[in-house]
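Taking it in order: structure first as structure tokens, then the write-up.
The values are calculated or read from the model by the stated rules, or taken from the named source; none is laboratory data. Values in this document were obtained by computation on a predicted structure and should not be read as measured data. Using ideal geometry, Cβ is built from the backbone for each residue, glycine included, and neighbour counts are taken over all protein chains shown.
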Amino acid sequence: MPYVIAEACIDVMDRSCTDECPVDCIYEGGRKLYINPWECIDCGACEPACPVEAISQDRAVPDGQEAFVADSLRFFEEPLPGRAAPLGQPGGAAEFGPVGLDTDLVASYQRAG
Amino acid sequence: MKIPPGIPRVAVIGSGPSGLYTVAALVASGQPLHVDVIDRLPTPYGLVRYGVAPDHAKMKLVTRVLAKPFAQGNVRFVGNVEVGRDLAHGELVASYDAVVYASGTERDRRLGIAGEDRAGVLGSAEFVRWYNGHPDAATAELSLDMEQVAVVGAGNVALDVARVLGRTVSELRATDVPARVLAALDRSAVREIHILIRRGPADVKFTPAELYQLTELADADVVVHDGGAGIDDPALAEDKRVRLNLKTLRSFAETPPRGARRRIHVWFRTVPSEIIGPGRVAGIVAEQAGERFTLPVGLVVTAVGFRGAPVAGLPFSESTGIVPNRAGRVMAGPATVPGLYVAGWLKRGPNGIIGTNKPDGAETAAAVLADLAGRPVPARPDIIEVLSRRDQRLVDWAGWLRLEEHEGTLGTADGRGRVKVDDRESMLRYCWATV
């Protein structure tokens with residue numbers, strides 16, 4: 001049951017979580033950070049680190065934000081806009097560097113209110 | 001591997017998460033360095049191998065990251081060497097430009113109640129070492145022939161102990177526990193597992209995901225005893241962790257028992273006052289909501305935290321239980337001790353999760369690097385040559401990989417991923433096997 005970053009991270013990207021993640025599996029998109037569900041070890045270090053409470057276990061995302069569970073898999077499993085290949089498991093976000101792209105859901109996301 | 005001359009040498013004592021995150025940050029700096037990681041065991045990874053519960057297999061995958069520095073040409077594993085026994089602190093200081101102690105602490109805090117020294121009362125460290133196949137516990141014969149067990153504590157270790165006791169053998173068969181441990185758990189007569197918690201539901205220190213895991217046990221029910229005080233409303237909790245825990249605890253309280261083979265009882269606001277005999281443990285006396293009662297348990301595991309233990313050669317503060325330090329630099333009174341550093345539990349106290357050690361190790365590494373910059377590098381003895389001159393046989397990284405491969409082979413033969421080898425003699429035999 002990996003952890004998932006949901007709506008609250010969009011356009012915030014505080015990055016406190018990336019310092020805490022022991023396996024460096026939190027990748028930087030254009031508007032939001034994404035946890036690699038294959039690389040995540042379920043330790044929960046990121047959850048309390050997030051100042052906007054954007055992170056939760058995949059079974060416990062806030063009501064109405066369930067789409068972010070599948071979306072964070074999509075970020076790694078499907079080619080991002082303009083890319084030929086999916087990200088897959090790069091094996092470390094720091095070395096890989098910012099991705100700079102988002103899934104369609106996040107790229108076109110408009111915050112309620 | 002010979003150490004090239006003219007580059008600073010760093011020793012890291014302990015190859016658990018705090019030590020290896022320190023090494024990772026040292027290596028990531030790109031500065032010319034040589035690092036030796038010294039461990040008293042033939043195996044790396046410290047509490048990842050011997051502390052993380054066997055059914056948390058995914059968490060153990062952190063080893064993929066922790067192992068990375070050993071692929072570099074300038075990092076050596078020096079296993080099976082105990083500082084203070086095989087190697088004096090003074091020899092370390094003479095052999096390295098910087099010495100980082102990341103060797104942790106393993107003393108259980110005591111309950112401070114009568115009967116605590118009876119046979120059948122175990123500190124969590126000892127119990128966890130047993131089920132994780134730690135070589136120091138390899139000879140401990142633990143017979144789970146009692147029907148009831150008490151676990152005292154409100155943290156993740158208490159949950160680990162209760163969960164391992166609550167698992168079915170087919171659940172445990174999917175883990176890496178040694179055959180001896182699996183057999184003992186297979187014969188387990190335990191039916192009632194009582195977690196005794198002094199404070200209320202909003203005060204527990206559980207990681208929410210770990211508390212939630214109790215709902216996923218194949219054949220164990222969870223029963224909450226709140227002493228009539230109820231479980232606080234999750235909606236009113238400000239802290240997210242508390243909110244999630246309260247939600248899970250309410251779900252326990254609302255779920256009727258399935259009639260499972262085992263029951264995990266979570267007792268809140270329950271204060272143990274005495275462990276009774278005669279002789280070995282026959283019960284634990286506790287009080288909840290003004291009412292005194294005795295649970296007829298045959299085993300008590302205390303999991304109320306750890307306390308720091310002093311390390312020979314380092315200053316130690318009894319009151320805080322840590323080595324006095326400033327951002328990892330060891331302090332003797334108001335002054336730093338040049339060349340001496342700490343990381344992990346020795347530095348901050350026995351708290352946090354694996355991830356806590358990443359920023360912790362990075363901070364210590366930054367102190368080491370800053371202090372080494374521009375310092376002259378005198379010629380020093382190579383510790384491996386020193387040890388080989390006195391016939392001290394060590395385990396290098398290739399040796400550990402041979403043992404790891406053998407554990408994988410044992411796993412394949414038994415239909416699981418890995419089976420730990422748990423007695424020191426066999427471990428060393430596989431490490432030193434000629435290929």
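Return the only residue of A:5, A:26, A:55, A:10 being more than 8 Å from chain B (Cβ to nearest Cβ), under 11 Å from the mean Cα position of the chain (by Cα), crowded, with 20+ Cβ neighbours inside 10 Å and within 21 Å of residue B:17 (Cα to Cα).
Numbers: A:5 fails: within 21 Å of residue B:17 (Cα to Cα); A:55 fails: within 21 Å of residue B:17 (Cα to Cα); A:10 fails: within 21 Å of residue B:17 (Cα to Cα).
Exactly one residue qualifies, and that residue is A:26.
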Worksheet item: Of all residues in segment B:139-176, which are touching a Phe, Trp or Tyr at 6+ places or on another chain (Cβ under 6 Å), in contact (Cβ under 8 Å) with a residue 40 or more places away in the chain and not in a helix (DSSP H, G or I)?
Response: B:142
Fill in: Filter result (touching a strand residue (DSSP E or B) at 6+ places or on another chain (Cβ under 6 Å) and either more than 14 Å from chain B (Cβ to nearest Cβ) or surrounded by fewer than 18 Cβ atoms within 10 Å (Cβ to Cβ) (or both)) within segment A:29-52
A:33, A:34
Worksheet item: Which of the residues spanning segment B:186-209 are crowded, with 22+ Cβ neighbours inside 10 Å and in a helix (DSSP H, G or I)?
Response: B:201, B:208
Worksheet item: Tally time: how many residues in segment B:358-399 are modelled with pLDDT under 95 and within 14 Å of another protein chain (Cβ to nearest Cβ)?
Response: 2
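Taking segment B:407-421, which residues are farther than 22 Å from residue B:78 by Cβ and touching a helix residue (DSSP H, G or I) at 6+ places or on another chain (Cβ under 8 Å)?
Kept after step one, since they are farther than 22 Å from residue B:78 by Cβ, are these residues of segment B:407-421: B:408-419.
If the condition is that a residue be farther than 22 Å from residue B:78 by Cβ and touching a helix residue (DSSP H, G or I) at 6+ places or on another chain (Cβ under 8 Å), then B:414, B:417, B:418, B:419 are the ones that fit.
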Response to the item:
Of the residues in segment B:63-75, those that are more than 8 Å from chain A (Cβ to nearest Cβ), more than 11 Å from residue B:35 (Cβ to Cβ) and assigned to a helix (DSSP H, G or I) number 4
Practice prompt. Could you please find all residues in segment A:67-96 being farther than 15 Å from residue A:5 by Cα and more than 14 Å from chain B (Cβ to nearest Cβ)?
Written response: A:77, A:78, A:79, A:80, A:81, A:82, A:83, A:84, A:85, A:86, A:87, A:88
Practice prompt. Collect the residues in segment B:91-115 that are under 24 Å from residue B:369 (Cβ atoms) and either surrounded by fewer than 17 Cβ atoms within 10 Å (Cβ to Cβ) or under 20 Å from the mean Cα position of the chain (by Cα) (or both), keeping them in residue-number order.
Written response: B:91, B:94, B:100, B:101, B:102, B:103, B:104
Worksheet item: When residue B:84 is evaluated against the numbered criteria (1) of a type outside the set (S, T, N, Q); (2) modelled with pLDDT under 95; (3) at negative phi, which criterion, by number, is the only one it fails?
Response: (3)
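Does residue B:374 satisfy the criteria of being part of a loop (DSSP other than H, G, I, E, B) and either of a type in the set (Gly, Ala, Ser) or buried (at least 16 other Cβ atoms within 10 Å of the Cβ) (or both)?
Details: part of a loop (DSSP other than H, G, I, E, B): yes; either of a type in the set (Gly, Ala, Ser) or buried (at least 16 other Cβ atoms within 10 Å of the Cβ) (or both): yes.
Yes.
A quick yes/no check of all residues on (1) touching a residue at least 60 places away in the same chain (Cβ under 8 Å); (2) under 30 Å from residue A:36 (Cα atoms); (3) assigned to a loop (DSSP other than H, G, I, E, B):
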site: B:61; (1), (2), (3): no, yes, no
site: B:81; (1), (2), (3): yes, no, yes
site: B:92; (1), (2), (3): yes, no, no
site: B:112; (1), (2), (3): no, no, yes
site: B:129; (1), (2), (3): yes, no, no
Worksheet, complete the sentence: Considering residues that are under 20 Å from residue B:161 (Cα atoms), out of contact with any Leu (no Cβ under 6 Å at 6 or more places or on another chain) and assigned to a strand (DSSP E or B), the number found within segment B:287-321 is 5
Worksheet item: Out of (1) over 24 Å from the mean Cα position of the chain (by Cα); (2) in contact (Cβ under 8 Å) with a residue 24 or more places away in the chain, the odd one out for residue B:230 is which?
Response: (2)
Item to complete: Return the total of residues in segment B:322-335 being surrounded by 17 or more Cβ atoms within 10 Å (Cβ to Cβ) and outside any loop (DSSP other than H, G, I, E, B).
Response: 4
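Name the residue that is farthest from the other protein chains (Cβ to nearest Cβ), counting only residues in segment B:340-357 that are part of a helix (DSSP H, G or I) and not hydrophobic (A, V, I, L, M, F, W, C).
Only one residue fits best here, namely B:347.
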Fill in: Tally, over segment B:212-251, of residues that are touching a strand residue (DSSP E or B) at 6+ places or on another chain (Cβ under 9 Å) and either crowded, with 19+ Cβ neighbours inside 10 Å or of a type in the set (Val, Ile, Thr) (or both)
13
Worksheet item: Do we find that residue B:180 is in a helix (DSSP H, G or I), of a type outside the set (S, T, N, Q) and free of Cβ contacts under 8 Å to residues at least 24 places away in the same chain in this structure?
Response: no
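Out of all the residues in segment A:14-61, which are assigned to a loop (DSSP other than H, G, I, E, B), closer than 16 Å to residue B:58 by Cα and of a type in the set (A, V, I, L, M, F, W, C)?
Restricting attention to segment A:14-61, the residues satisfying the condition of being assigned to a loop (DSSP other than H, G, I, E, B) are A:14-15, A:21-25, A:29-32, A:36-45, A:50-54, A:61.
Filter once more, so that each one left must be closer than 16 Å to residue B:58 by Cα: A:21-25, A:36-45.
Across segment A:14-61, the qualifying residues are A:21, A:23, A:25, A:38, A:40, A:41, A:43, A:45.
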Worksheet item: So is residue B:280 modelled with pLDDT of 95 or more, among the charged types (D, E, K, R), surrounded by fewer than 16 Cβ atoms within 10 Å (Cβ to Cβ) and more than 30 Å from residue B:121 (Cβ to Cβ) or not?
Response: no
